[in-house]
1. So what are the ³J(HN,Hα) numbers for the stretch 172-181, from phi and the Karplus equation (6.51, -1.76, 1.60; θ = phi - 60°), rounded to whole Hz, Gly and Pro as x?
2. Enumerate the calculated ³J(HN,Hα) couplings along the stretch 190-202 in order (Karplus 6.51 cos²θ - 1.76 cosθ + 1.60, θ = phi - 60°), each rounded to whole Hz, writing x wherever the residue is Gly or Pro.
3. Using amide H atoms built in the peptide plane, which far-off residues or other-chain residues are under 5 Å from Ile4 H to H?
4. What accessible area per residue comes out for the chain, rounded to a whole number of Å², with a 1.4 Å probe?
5. Once amide H atoms are placed 1.01 Å from N in the peptide plane, what residues at a sequence separation of 5 or more from Glu204, or on another chain, have their amide H within under 5 Å of its amide H?
6. Report, by chain and number, residues whose modeled amide H sits under 5 Å from the one on Arg196, excluding near sequence neighbours (fewer than 5 apart, same chain).
7. What percent do you get for the relative contact order of the stretch 43-147 when only Cα pairs under 8 Å and 6+ apart count?
8. Express the relative contact order of the chain as a whole percentage, based on alpha carbon pairs under 8 Å and six or more residues apart in sequence.
Amino acid sequence: MDRIYEGKAKIVYRTDDPERVLMHFKDAATAFNGKKRGEIAGKGRMNAGITVALFRHLERAGVATHLLEQPAPDELLVRRLTMLPLEVVVRNLAAGSMSHRLGLEEGRPLSLPVREFYLKNDQLGDPWVNRHHILALGLADAAQVAGMEELAGRINELLRRFFAERELELVDFKLEFGEAEGRLILGDEITPDTCRLWQVGSHERMDKDRFRRDLGGVDDAYREVFRRVTGKEADHVAG
Ligand code: UDP
């Protein structure tokens, strides 16, 4: 099959239909902009399944996503979008780069969900950009920026509640948006690779920080998130 793009965690293939592409989720794991590499057993299948469950939940609440079908456990058929070259991060508690940059203890509550934009550029390490950079460089227009901020806020409310019902605290996460027919649509994935999820109460890390920080128990954390999000045992998909 014809590859359109190969990233660190996914490969995107062309299909017979120009409006649809196939996303293959890999078991490969990377961190620190590709400097740390490894593999998480069954991650491709678990992340595809988690994305399906979360995107279906968002769709039911009226958020448009690119998801069409799951033809295989580690593959999603999605609508082809014209992607905006940005990552949108939403934060409910300080952690990761925000804690480092601003000298904040991880887990410090934020009085409103903080939304940040990063330029998608591996060579530059996805630098932080603000609204003025985005508009001045034509990365997106004012309506798209406002639309992404509003959608990111709505998605955060929906996912926070969804995860809280499953004893997981949504600390922060990353979204990517694209357009089709002039409409903003949620693309990419939402998985423990792209979210910080903490066990309610103990604050045990249930996400890629276990891999980034060598905390051990990486596979088990992904399996547990898969189980709570999809209601299925990971053994059926991860084997
Ligand atoms: N994130 C991501 N892809 C990136 C950068 C960040 O999915 O290229 C996610 C990350 O998993 C976390 C959130 O966005 O849930 C905020 O990440 P942060 O800026 O704290 O960076 P980190 O310290 O994780 O590199």
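1. Whole-Hz 3J(HN,Hα) from phi for the stretch 172-181: 7, 6, 10, 10, 10, 10, x, 10, 9, 6.
2. Result, ordered by residue: 10, 8, x, 6, 10, 10, 9, 10, 10, 4, 4, x, 7 Hz.
3. Sorted by chain and number, the residues that satisfy this are Val12, Tyr13, Arg14.
4. Working: 11490 Å² over 239 residues.
Roughly 48 Å² per residue, with all protein chains present.
5. Those lying under 5 Å, H to H, from Glu204 are Gln199.
6. Here Val171, Asp172, Phe173 satisfy the definition.
7. Values: 118 pairs, mean separation 18.2, N = 105.
The value is 17 percent.
8. On the way: 446 pairs, mean separation 46.3, N = 239.
It comes to 19 percent, rounded to a whole number.
The values are calculated or read from the model by the stated rules, or taken from the named source; none is laboratory data. What you are looking at is a predicted structure, and each value in this text was computed from that prediction instead of being measured. Ideal geometry is used to build each Cβ from the backbone, glycine not excepted, and the neighbour counts take in all protein chains shown. The accessibility values were calculated without ligands, DNA or RNA, using every heavy atom of the protein model including side chains. Shrake-Rupley method; radii C 1.70, N 1.55, O 1.52, S 1.80 Å.
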